[in-house]
Amino acid sequence: MRVLLIRSQQSFLIDSLAARLRRQGVALDRLYLFDRSLETDDGRELLRSSRLDRFLSQLSGLHLGYKRLRAPLTLLEIPGRYEIAHLHFAGAYYRPYLPLIRRLAKRLAVSIWGSDLHQAGRLERTFKQGLFRAADALTFSNPEVRDDFLRVYPDTPEEKIHLCRFGLSILEEVRRLREAESRRQWRRALDLPSEARIVVCGHSASPVVQHDKILDALHSVEARLPPECVFVFPLTYGWSDTRARVRHALTGSRLAYRLFEQPLSDADLARLRLAADVMINVHKSDALSGAMQEHLFAGSIVIAGRWLPYRVLEERGAYLVRVDDIGSLGATLISVLERLDEHRAASRRNAEVIWRLSGWEHVIGSWLALYEKLLGASVARPS
């Protein structure tokens, strides 16, 4: 079986999925469409950037338009055919390329991530309908997102719908470091104070995190915060203008804070999850944040917006602190910090819940079953 994973942006979740599928015997190439990158199963790069590509990469606005104009030629240059083309994130920008994508493979799967549904306006949703109709399978990581999709597109055949969650490799690293190192060592490795109350705000430099509103909430209760509080802002991937806005908003702030702007190793990501006392997750929209689940697994108290579709966690017994709106975030954080031991006791069951929900050994089977159903044949798995 040959599978082509198609994505429009970098994603450690897709990279992790690709690695796990390969371990199960799936021959898999990854296409980063707008950057003309096609990485084969054995690590070779088949598409080469031209001088014009490299020149225009310095001109961000012009380069984006050029990349999308170049995409059809990129698709035509891909050698050979695949059994399955698997499109991750249902962006409207894929719709014009659909005939070329379909010619690459016998079957087409499309994974809906959440924001590609919830943040789409009426016109965009109508435009995407052709993409969803052309797909042989549609996957969702969260049953609430699936249900929202079916309310928007009620005529979707039931047999197209699949629940396939991304596993979280960091969980394995958290397990290892929980045994191998101490809390003091986790924090020392990240240059964080060993006795501080560590509050992690979001997980990336994405506008969906709503850093500005989080900071407004923190500043509104600044005088009541324990003096040992340190706020951590992970900005290791995302948008450069979002990083700049967060830096500017913190300039002159009396909050003790730390920014992480350079990529972290898996070990340091795990240490950050373990080092945190509290994680704030009040995204505009989300399907089921991997970083948030990793924090739950590591023992952080997660404060999450009630508007986020996390019923799948709560039905399994996970413990989260919910806020109805960001305006109540500051007061809720104060309350959590004052009663941290009580919240920790209530959250002890989270590690088992998250492992069963998102440990790779529990979820890889759903992806293999999807491919087997599409092809009507079993995937040859390593013994």
Problem - Residue that is surrounded by the most Cβ atoms within 10 Å (Cβ to Cβ) [pool: residues in region 243-271 that are among the small types (Gly, Ala, Ser) and under 24 Å from residue 182 (Cα atoms)] - result: 270
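Counting only residues that are more than 15 Å from residue 255 (Cα to Cα) and either of a type in the set (A, V, I, L, M) or in a loop (DSSP other than H, G, I, E, B) (or both), how many does region 192-212 have? Steps first, answer last, please.
Applying the first criterion (more than 15 Å from residue 255 (Cα to Cα)) to region 192-212 yields 194-195, 202-210.
Cutting the leftovers down to either of a type in the set (A, V, I, L, M) or in a loop (DSSP other than H, G, I, E, B) (or both) gives us 194-195, 202-206, 208-210.
Summing the residues that are more than 15 Å from residue 255 (Cα to Cα) and either of a type in the set (A, V, I, L, M) or in a loop (DSSP other than H, G, I, E, B) (or both) in region 192-212 gives 10.
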Exercise for the section: Could you grab me the full set of residues in region 311-347 that are out of contact with any helix residue (DSSP H, G or I) (no Cβ under 6 Å at 6 or more places or on another chain), among the basic types (Lys, Arg) and not in a helix (DSSP H, G or I)? Expected result: 322, 339
Exercise for the section: Please give the number of the condition residue 224 fails out of (1) of a type outside the set (Phe, Trp, Tyr); (2) assigned by TED's automatic domain parsing to the domain that holds residue 9; (3) out of contact with any Ser or Thr (no Cβ under 6 Å at 6 or more places or on another chain). Expected result: (2)
Handout entry: Residue check, residue 365 farther than 28 Å from residue 159 by Cα, at pLDDT 95 or above and of a type in the set (Gly, Ala, Ser)
Key = no
Practice task
Could you grab me the full set of residues in region 248-282 that are without any contact (Cβ under 8 Å) to a residue 60 or more places away in the chain and of a type in the set (Val, Ile, Thr)?
Solution key: 251
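Given the criterion aromatic (Phe, Trp, Tyr), modelled with pLDDT under 90 and under 26 Å from residue 12 (Cβ atoms), identify the matching residue among 93, 66.
Numbers: 66 fails: under 26 Å from residue 12 (Cβ atoms).
Of the residues listed, the single one that is aromatic (Phe, Trp, Tyr), modelled with pLDDT under 90 and under 26 Å from residue 12 (Cβ atoms) is 93.
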Fill in the blank from the handout: Contact list, first residue from region 227-240 and over 17 Å from residue 214 (Cα atoms), second anywhere and charged (D, E, K, R) and in a loop (DSSP other than H, G, I, E, B), beta-carbon distance below 8 Å, six or more apart or interchain, is 228/195; 236/261
Practice task
Take residue 354 and decide whether it is in the same structural domain as residue 178 (by TED's automatic domain parsing), under 21 Å from residue 162 (Cα atoms) and part of a helix (DSSP H, G or I).
Solution key: yes
Problem - Matching helices (runs of 4 or more DSSP H) fully within region 95-164 where at least 3 residues are of a type in the set (Val, Ile, Thr) - result: none
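The values are calculated or read from the model by the stated rules, or taken from the named source; none is laboratory data. Model, not experiment: these values are computed from the prediction. Using ideal geometry, Cβ is built from the backbone for each residue, glycine included, and neighbour counts are taken over all protein chains shown.
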